Amino acid sequence: MTNLLPEMAEIWQQTLNWQPTLQQQAQFQKLYELILEGNRQQNLTRIVEPQEFWEKHLWDSLRGIVPLLSANFSSTSLLPYSSAPLALIDIGTGAGFPGIPVTITVPNCTITLLDSTRKKITFLDNILTELALTNAKTIVGRAEEIGQHPQHRQAYDIALIRAVGAASVCAEYTLPLLKQGGLAIIYRGNWTKEETTDLQNAVNQLGGVIELIEKFTTPLSDSIRHCLYVRKVANTPANFPRAVGVPSQKPL
Ligand code: SAH
């Protein structure tokens, strides 16, 4: 039995003004097959049906960032200025989302895939080799430690984070890693005004501002999604991120 991903060229075009090349489509397919295979060894994802995988893993991963990179999109101003290739980090990447689809799609960026689980990172190392992706590297570690590491703190233009914790926790994980002017992209499902108030309070302490909250629906199942774009506008105080476990136990 083969599990063939749909192409969805028209939907890519209509929603993101972008379409995968033949090579990118082949890489998506290979990624899908490797994840199905990896799922037998470890619990990587519950989303295994081809259409659902396309929507919730591929499309959803790219929806948060591809519009920023396209020249004729109104949010282009969101993109941090950089003359060098943009440095991205995906925090708590798990089976590689959103990081791997972004790596496939945006070759002129360097991407760091961070996860605290070694088994997941070992799986991702194999994915990078199998898909011949040379613009990404992996790190086993906690966001709280990496955020205090001189090599990583204030080193990234864009920090991606999906399904890792409450938004204020995501803010504490992402903002220390960003250069000033850099952008955190926090992927969410549902979102409420009360949550905006909490996030506002957290980002104030971390040197960030909420620049944009975008609401949209996914193209196949019409599920609600939000992307929160948080800009780093000032230094993050040295005490953030707090020690391992503290951000999630005592959210800002
Ligand atoms: N981003 C992926 C995976 C979400 S599951 C997706 O959207 O599909 C959350 C992942 O974050 C897990 O793999 C877990 O190991 C990792 N994680 C949780 N807390 C972390 C932390 N503080 N630092 C690094 N990784 C973390």
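The values are calculated or read from the model by the stated rules, or taken from the named source; none is laboratory data. In this text the structure is predicted, and so the values were computed from the model without any measurement. Quick reminder, even Gly has a Cβ in these numbers, built from the backbone with ideal geometry, and neighbours come from all protein chains shown. In case anyone asks, the SASA skips ligands and DNA or RNA and just uses the protein heavy atoms, side chains included. Shrake-Rupley method; radii C 1.70, N 1.55, O 1.52, S 1.80 Å.
Results, tabulated for the structure shown:
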| item | result |
| --- | --- |
| Ranked packing of 167-174, 156-163, most packed first, by mean Cβ within 10 Å | 167-174, 156-163 |
| Volume per residue that the Cα convex hull of the chain spans, once the total is divided by residue count, Å³ | 124 Å³ |
| Surface accessible to a 1.4 Å probe, per residue, for the residues of the chain, Å² | 45 Å² |
| Lysine pair number, Cα distance threshold 23 Å (strictly under), the chain, separation 8 or more or different chains | 16 |
| Computed label-point distance, nm, for sites VAL246 and SER223 using a 7 Å Cα→Cβ extension | 3.5 nm |
| Amide H contacts of THR138 (H built 1.01 Å from N, under 5 Å, at least 5 apart or other chain) | LEU113 |
| 3J(HN,Hα) from dihedral phi, region 225-230, Karplus parametrisation 6.51/-1.76/1.60, rounded to Hz, x for glycine, proline | 9, 9, 10, 9, 10, 10 |
| The chain: antiparallel DSSP beta bridges as a percent of all, rounded to 5 | 40 percent |
| For the chain, calculated [θ]222 nm from helices alone, where every DSSP H run of n ≥ 4 adds -39500 (n - 2.57) | -9000 deg cm²/dmol |
| Calculated FRET efficiency for the pair GLU145/ASN201, C-beta based, R₀ 22 Å, to 0.05 | 0.35 |
| Carbon + sulfur, % of accessible area of region 56-206 - ligands and nucleic acids excluded, 1.4 Å | 50 percent |
| Interchain or long-range residues, amide H under 5 Å from LEU160's placed H | ILE89, ASP90, ILE91, ILE185 |
